[in-house]
Structure formats: structure tokens, C-alpha cells
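Enquirer: Below is one structure. I have some questions about it.
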Amino acid sequence: MKLIGKFVDKNGTGYVNLRPEDDEDMWHLYNIIQQGDLVRAPAIRRIQSISATGSTESHRVKLNLTIQVSRVEFSSSGAPSSSADQTPSPAGSSSAAPATTSALHISGPVASENRHVKMGAFHTLDIESNRDIRIEKVDGWDSVALARVEEACVPGRGAEVGAVVCGEGTAAFCLLSQHMTLVTHRISVPIPRKASAPGTSQYEKAMAKFYAILYDAFVRHIPYTSPSLRAIVFASPGWVREGVFNAMITEAGRRGDKTLTKALREKTVKVHVSSAHVHSLVEVLKSPEIVAQLKETKFAREGIVLDKFFKMLGVDEMRAWYGPDHVRLAADRGAIGTLLISDELFRSSNSDSASDPKLRKTYVELVEGVQQKGAEVVMFSSMHESGQQLNQLTGIAAILTFPLDVEVVEAEEREAREEERRQQEPETLDGGGVG
């Protein structure tokens, strides 16, 4: 993401001009833009005009429109599934990063005058890469939104891990960046069982076909020449990953692709997982090999912190709290050491809870409050498996610095409310007399 312009005063009033460049930038915009915001971006509008003779003409006009957001929709690119790749890669070819395929649609009434479009007319902006977008928040920019803008504009980002999660005859190609896990491709090849194949020749032929298809798909969907790519992961149950890696090295040598051979030898990490499903990436990010190599990345940090929370929940549940109400109680007592919170809680969506500006403000105040007390805040991306797991736990959790009994704390809160009510009753009685 490129920051084209920014003017935000100390009260949070102002605007930001941004230029998205890839799928992750679209995801950032989806998390930044809220209902009620004013968004200005290029648009194409079909205009109808009536001539002097009464005939109607229709033509398309390019213009810049400002709308007041009422709905934001994001769709990530779907990974095609195939049993064969039709176009094999030439010898010595290099991979390129996948094109931007995520879509962001912003709908709402037109909020500024335009000679082609009436005020209040409904329009949907289709946000495109390398096209500037201006965002102005009517209620002001809060600290979470501004932090998201700064994070999105850090240069040199991109996919940091290319992963192939494979089983016998199946493979899913994934790209992991700071905020997204993108499944770029899937392949599936029928593999007969060894016992049912005479002389195992059918099995070996099927596996050879699988390796060939996997190689061609890898070259197209994993940007192994990218400087930002720090690791190439082959993950599988059993020993499938060893066979895949050896087949990749052999085929790259046969085709004379020295770049791929070097990348495989220098960046490959082989990890055992329990299943050949994309959800196994959570296990990948917790593996010691990946933790040692990627400990500074955001998504690895998310996996480590979530794993620490679940371990704490099993060992000392009084130091592992989750749920908005309980976490707020822990925050009021200054007990939070690490706050785990999902970006879904701050996002504008169709659900009543997430689109409530007042509720978002309470989460912003919670984050700011625990940060002021020296706690660590880890913002989870719901486009990563770890973020999806946190969402199943209400999207918010905390690791406490000292144990607190939930029942005792709730009893204290009830007593405090009762005491406050008793103190107010005499005041009500005193003020209720007749003069």
C-alpha cells in the first residue's frame, strides 16, 4: 500500500489517500473502512440522455465518486482445483507473484455533487489495485484505524512463506503474508493403493504424474524468486513431503532451473502435520523449525501467542480468560499481560455487533487502556488459521499476569453494584419529599 496523502488533526478529523497494490492491501482497506465513512474512488457509471427528438442514448462515463459507506464486501481469490495442469512450465522458468484477485466492493449513497450523478443516488465502488482511494471518517480516526494505515504502508511487504500442504495425490498451495493466508491452487490426482496395483507399477505411475503436476503448479503459484519469501514449507502426514521435495529437486535439475534448485535448498522447511488439510498450517506455524526461522513475523507471533494461551488454559485456567465481559473485568484490575483480539471485532460488516460504532469504540478503548498499563496487544488477522480459532473463542482473550478467579471477581462486581444502588436509594428518598 502506498500512502499518497494524509491529513488527520489531533482530534482525529481528516482524510487519508491510499493506493492499494495487492490482495493484502485490499484486506487492509476492508478493515479500515467503516459504515458511515466518506470514500472517494474512480468509478464507471452508465448515463442515459434524451436527445431533442426524444430518443434515449446510453453511454458509460469514467468519473470520481464520493459515497457514504453503508456496506463493505470483501472476497478473496478462490483457489482452482484441478487434476492436471494443461500448460507445463518451460525449462529454467522463473515464478512470478500471483496477480491481485481479491475483490472489494463499497456501496452507499453518493455524498457529493456530480453533474452525472444525483446526490443520494446509490452506487457501488469496485476498488481496483493501483487506483487511489480517499477515506474520510465522519466520527474521526481512532488509534486502531491509524495504526492499521501505518502497518499497511510499511514498504517491502509480500508473501513471506510459500507452503505446500500435501498428501498422496493431493496438494494445496498457500501463500502466507503478514495478514493473509491465501490458497492459490489445489491439485488432486487419483492414486491407487499399493496392494491393489499389480507390481505397484500403477501406483508408481500415478505418483510420477502427481509429482509432475505438482512441480508445474509450484512454479506458477509459489513466488520462489521473491526477495520477501523467507521459507518454502512442505508439510504432510507420513513421509509424502520427503518424496515431493526429492521429486522437485530432481525435476528442477533435469530442467536446468538453477534458481529453483537454489531456493529449494536454502529455504525449504519440511514439517510433519496430522492431516493434508489447509487447517494444518496452524501446526506448521507452531513447529520449532518455523518458529526459529520466522519468529519475527506477525503470523508466527499469532500462532505462538495462541498456543501459549491454550496451554495456560489447560494448566492454570485462572490466568487464561476469554470473552468480552471477562476480559474487560481483567483489564479493570490491571491483570492483563497479553491481550489477544481479532480484527473482526473492529470491522464493518453485515452483523449488527461488528457494525455498531459504539461497540467498536469500547474495543478501541480497551486496547488503548491495556497498552497504557504496559500489556502486549496482539491483533489477530481472521484471514489466518490462528485468527479463525480465536474467533471461535468470541474473538478476544487474555493471558493474565496473576491468577484471578472468575466467580470471585463477578461476585465482587455484584457487591459493588448493590452497594452503589444502596447509596443512591437514600438520595432518591431525600430528594423525593413534597415541599
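The values are calculated or read from the model by the stated rules, or taken from the named source; none is laboratory data. Nothing here was measured: the structure is a model prediction, and the numbers come from that model. Virtual Cβ from ideal backbone geometry, glycine too; neighbours counted across all protein chains shown. For accessibility, only protein heavy atoms count, side chains too; no ligands or nucleic acids. Shrake-Rupley method; radii C 1.70, N 1.55, O 1.52, S 1.80 Å.
Enquirer: Could you list, in sequence order, all residues of the stretch 302-311 that are surrounded by 19 or more Cβ atoms within 10 Å (Cβ to Cβ) and touching a strand residue (DSSP E or B) at 6+ places or on another chain (Cβ under 8 Å)?
Expert: Glu302, Val305, Leu306, Phe309
Enquirer: Moving on to the next point. Based on what the data block shows, is Asn17 open to solvent by 10 Å² or more (accessible area, probe 1.4 Å), under 13 Å from Lys137 (Cα atoms) and in contact with a Lys or Arg (Cβ under 7 Å, 6 or more places away or on another chain)?
Expert: yes
Enquirer: Please enumerate the residues belonging to the stretch 390-418 that are part of a loop (DSSP other than H, G, I, E, B) and touching a Ser or Thr at 6+ places or on another chain (Cβ under 6 Å).
Expert: If the condition is that a residue be part of a loop (DSSP other than H, G, I, E, B) and touching a Ser or Thr at 6+ places or on another chain (Cβ under 6 Å), then Gly395 is the only one that fits.
Enquirer: With (1) farther than 30 Å from Leu345 by Cα; (2) buried (at least 20 other Cβ atoms within 10 Å of the Cβ) as the list, and Gly256 as the residue in question, which single condition is left unmet?
Expert: For Gly256, the failing item is (2).
Enquirer: For Thr338, which of the numbered conditions (1) modelled with pLDDT of 95 or more; (2) open to solvent by 30 Å² or more (accessible area, probe 1.4 Å) fails to hold?
Expert: The one condition Thr338 does not meet is (2).
Enquirer: Separate question: Tell me yes or no: at least one residue of the stretch 186-200 is under 30 Å from Pro155 (Cβ atoms) and at pLDDT below 95.
Expert: So far as the stretch 186-200 goes, no, none of its residues is under 30 Å from Pro155 (Cβ atoms) and at pLDDT below 95.
Enquirer: Moving on to the next point. Return the pairs, sorted by first residue and then second, in which the second residue is open to solvent by less than 40 Å² (accessible area, probe 1.4 Å) and small (Gly, Ala, Ser), the first residue lies in the stretch 4-24 and is part of a strand (DSSP E or B), the beta carbons are less than 6 Å apart, and the residues are 6+ apart or on different chains.
Expert: Phe7/Gly14; Val8/Gly14; Asn17/Gly5
Enquirer: Would you point out which residue out of Arg115, Arg157, Arg134, Arg148 is under 30 Å from Arg241 (Cβ atoms) and either surrounded by fewer than 22 Cβ atoms within 10 Å (Cβ to Cβ) or at pLDDT below 85 (or both)?
Expert: Going through Arg115, Arg157, Arg134, Arg148 in turn, the sole match is Arg157.
Enquirer: Could you name every one of the strands (runs of 3 or more DSSP E) located completely within the stretch 36-107 that has at least 1 residues being at pLDDT below 85 and either open to solvent by less than 50 Å² (accessible area, probe 1.4 Å) or in contact with a Lys or Arg (Cβ under 8 Å, 6 or more places away or on another chain) (or both)?
Expert: Because the criterion is at least 1 residues that are at pLDDT below 85 and either open to solvent by less than 50 Å² (accessible area, probe 1.4 Å) or in contact with a Lys or Arg (Cβ under 8 Å, 6 or more places away or on another chain) (or both), the strands (runs of 3 or more DSSP E) in the stretch 36-107 that meet it are 38-50, 56-68.
Enquirer: Within the stretch 371-389, identify whether any single residue is open to solvent by less than 50 Å² (accessible area, probe 1.4 Å), at pLDDT 90 or above and over 22 Å from the mean Cα position of the chain (by Cα), and answer yes or no.
Expert: Yes, the conditions are met somewhere in the stretch 371-389.
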